[in-house]
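The values are calculated or read from the model by the stated rules, or taken from the named source; none is laboratory data. This structure is a prediction, so every number in the text was calculated from the model and none was measured. Cβ placement follows ideal geometry from the backbone for every residue including glycine, while neighbour counts extend to all protein chains displayed. Note: accessible area is taken over every heavy atom of the protein model, side chains too, but ligands, DNA and RNA are not part of it. Shrake-Rupley method; radii C 1.70, N 1.55, O 1.52, S 1.80 Å.
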Amino acid sequence: MTVLPYLVAVWIFLTGCHGLATSRNLIHAVGCLAVCQSGTYVLLLAVGYRHGGTAPVYSDITPGSRPVVDPIVQALTLTDVVVGATVTALLLALVIQVSKRHGTIDPDALRELRG
């Protein structure tokens with residue numbers, strides 16, 4: 001087992017976090033949040049990967065004859081993709097409403113939103 005997929009997942013996540021911390025634009029911040037989310041896709045797929053594994057369809061092979069990949073992790077990744085797309089769409093809709101109401105998408109210029 002190699003650590004390369006885990007390092008890639010951490011690198012993608014940290015790249016998105018860095019972009020999120022240095023963002024001066026709400027749309028860029030939403031995009032960086034989506035990049036952070038894609039790091040979790042890589043992590044989940046790395047956890048469920050098996051070298052030499054086949055699809056978990058047992059009609060053509062006898063159980064236990066060769067390794068199969070975990071279908072639960074693949075289903076969780078697909079669910080993560082759907083939730084990530086939904087959250088991104090919702091955040092972009094909120095950015096559009098902020099832009100319409102305040103005329104800017106710069107987080108520093110939104111003084112009225114501070115408590």
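Things worth noting here:
- Any hit, segment 17-28, residues being buried (at least 16 other Cβ atoms within 10 Å of the Cβ), within 13 Å of the chain's Cα centre (by Cα) and without any contact (Cβ under 8 Å) to a residue 24 or more places away in the chain: no
- Residue among ILE72, ILE96, ILE105 that alone is of a type outside the set (Lys, Arg), outside any helix (DSSP H, G or I) and within 24 Å of the chain's Cα centre (by Cα): ILE105
- Set ASP80, ASP108: member being within 22 Å of GLY16 (Cβ to Cβ), open to solvent by 60 Å² or more (accessible area, probe 1.4 Å) and among the charged types (D, E, K, R): ASP108
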